[in-house]
Amino acid sequence: MQHLDVQVVEQGLAWLEAGETIWLCTVLSTFGSSPRAPGSIMVAREDGSHLGSLSGGCVEEDFLARVQRGEFSQRVCIERYGDLREQPSAKRSPVQLPCGGILEVLVERLPPELGNRQHLAELLAVLRGQQQKLRTVSLLDGHCSLRPVVHAGGDTVAVSAECISIRVGPAARLIIAGLSSVARICAEFAVALGYEVILCEPREEEYRDFNLAGVRLEKTFPSVFIAEAGNCHQQTAVVAMTHDPRIDDLAMMEAVKTDAFYIGVMGSRRTSDKRATRLLSTGGLTTQELERIHMPIGLALGSKTPAEIALAVMADILRVQRGIPRDAL
């Protein structure tokens, strides 16, 4: 399945190239319950056609109706939904979210000018690429640009008095090395969380009855897939949970050579210590490479069942992706 953000930017670029003015909307922040996370985007044109979403529907309906009435003619603004209190830094919308949450949305009006077409083309290349970028938008004149990020983890959106910075990049990807009871549930959790999930399984007896919806199956050794250029980028997590060193160890040996933001392998503390010794002595890993591997994998939740272990694994991946230290939990 193609990353939704890619589809949104592709549509926006197509409208610009057809001579249409577009409105690019980005969720900046949410307070309380809210259906869409910061960084979520939607593109619309004057007749109400749109792609993407900002909420469960009520925000979109209000915004599109107002665009069709000729509102949002300024180059850039911040719109707040779900809060009737005075907010000097953002306009107040009368729409109350059914969930009781509050949503702040960046609204950019982009005419079909060369600079806007070039910017969306560059943004599209980032979304299809291998690395994150920081998209900055001036609140003074709407000027936007893309620049490299220093760290792959951290907040998606940062707002200052004059500028907004938004992390953009390829869809979060989870590569699972080998099929197991924990791997199955981990894959299901990851799909629900919006990850692009790839399962690498070379054993025919394991994948013969494979039927995980939304999961891409690669019938090859995980280490081979991981080593291929382009398969692991800055938004990739790699996990191994088979207890088979031929799969788990080899996957770890290749994963540490990539830009993956999370690398983990399942096993008890004793098993992990033995694996660490093995990877250093026969695997050829350096101490720095070994330190990149989370083992035992996941948060220490006292997990026992496959579902509990999978929950701990995905929670730890999310923690690292958000840039939250363990001691801050």
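Contact map, the range 264-291: residues that are in the same structural domain as ARG319 (by TED's automatic domain parsing) and within 21 Å of ALA183 (Cα to Cα) paired with residues that are of a type in the set (S, T, N, Q) and assigned to a helix (DSSP H, G or I), Cβ distance under 8 Å, separation 6+ or inter-chain. Pairs shown: VAL265/SER272.
Taking the condition of being touching a helix residue (DSSP H, G or I) at 6+ places or on another chain (Cβ under 7 Å) and within 21 Å of MET252 (Cβ to Cβ), how many residues in the range 197-214 meet it? The total comes to 4. The set of residues from the range 236-294 being over 20 Å from PRO306 (Cα atoms), in contact with a Pro (Cβ under 7 Å, 6 or more places away or on another chain) and modelled with pLDDT under 95 is empty.
Within the range 249-258, if we keep just the residues that are more than 21 Å from the chain's Cα centre (by Cα) and surrounded by fewer than 24 Cβ atoms within 10 Å (Cβ to Cβ), the residue that is nearest to PHE225 (Cα to Cα) turns out to be GLU254. Restricting attention to the range 148-167, which residues are among the β-branched types (Val, Ile, Thr), assigned to a strand (DSSP E or B) and surrounded by fewer than 16 Cβ atoms within 10 Å (Cβ to Cβ)? Result: no residue meets the conditions. Selection of the range 299-318 for residues being touching a residue at least 24 places away in the same chain (Cβ under 8 Å), of a type in the set (Gly, Ala, Ser) and surrounded by fewer than 18 Cβ atoms within 10 Å (Cβ to Cβ) yields only ALA307. Of all the criteria given as (1) farther than 21 Å from CYS25 by Cβ; (2) at pLDDT 90 or above; (3) more than 13 Å from the chain's Cα centre (by Cα), the one not satisfied by HIS151 is (2).
Given the condition more than 20 Å from the chain's Cα centre (by Cα), under 24 Å from VAL6 (Cα atoms), aliphatic (A, V, I, L, M) and modelled with pLDDT under 95, answer yes or no: does some residue in the range 102-115 qualify?
To start, the set of residues in the range 102-115 that are more than 20 Å from the chain's Cα centre (by Cα) comprises 102, 107-115.
Filter once more, so that each one left must be under 24 Å from VAL6 (Cα atoms): 107-115.
Next, from what is left, pick out any that are aliphatic (A, V, I, L, M): 107, 110, 114.
Retained after the next criterion (residues that are modelled with pLDDT under 95): none.
The answer is no; no qualifying residue exists.
Listed here are the strands (runs of 3 or more DSSP E) enclosed by the range 8-79 that have at least 3 residues being buried (at least 20 other Cβ atoms within 10 Å of the Cβ) and either in the same structural domain as VAL126 (by TED's automatic domain parsing) or in contact (Cβ under 8 Å) with a residue 24 or more places away in the chain (or both): 22-31, 41-45. Given the structure, is SER145 surrounded by 14 or more Cβ atoms within 10 Å (Cβ to Cβ) and either within 18 Å of the chain's Cα centre (by Cα) or of a type outside the set (A, V, I, L, M) (or both)? So SER145 fails the test.
Given the range 168-251, what helices (runs of 4 or more DSSP H) lie entirely inside it while holding 3 or more residues that are closer than 20 Å to LEU285 by Cα and assigned by TED's automatic domain parsing to the domain that holds ASP273?
Values: elements: 181-192, 204-207, 222-227.
Because the criterion is at least 3 residues that are closer than 20 Å to LEU285 by Cα and assigned by TED's automatic domain parsing to the domain that holds ASP273, the helices (runs of 4 or more DSSP H) in the range 168-251 that meet it are 222-227.
What are the residues in the range 154-200 that are basic (Lys, Arg) and under 16 Å from the mean Cα position of the chain (by Cα), if any? Outline the logic, then answer.
Taking the range 154-200 first, the residues basic (Lys, Arg) are 167, 173, 184.
Once the filter is applied, which keeps residues that are basic (Lys, Arg) and under 16 Å from the mean Cα position of the chain (by Cα), the range 154-200 yields ARG167, ARG173.
Of the set (1) free of Cβ contacts under 8 Å to residues at least 24 places away in the same chain; (2) under 25 Å from ASP259 (Cβ atoms), all apply to SER160 but (2). Taken as a whole, the structure leaves GLY267 outside the set of residues that are assigned to a loop (DSSP other than H, G, I, E, B) and over 20 Å from ILE185 (Cβ atoms).
Counting only residues that are crowded, with 20+ Cβ neighbours inside 10 Å and within 26 Å of GLY194 (Cβ to Cβ), the range 259-277 holds 7 of them. The set of residues in the range 278-298 that are part of a loop (DSSP other than H, G, I, E, B), surrounded by 13 or more Cβ atoms within 10 Å (Cβ to Cβ) and of a type outside the set (Val, Ile, Thr) comprises GLY283, LEU285, ARG292, MET295, PRO296, GLY298.
The values are calculated or read from the model by the stated rules, or taken from the named source; none is laboratory data. Predicted, not measured: the structure shown is a model, and the values here were computed from it. In this analysis, Cβ positions are derived from the backbone assuming ideal geometry, glycine residues included, and neighbour counts consider all displayed protein chains.
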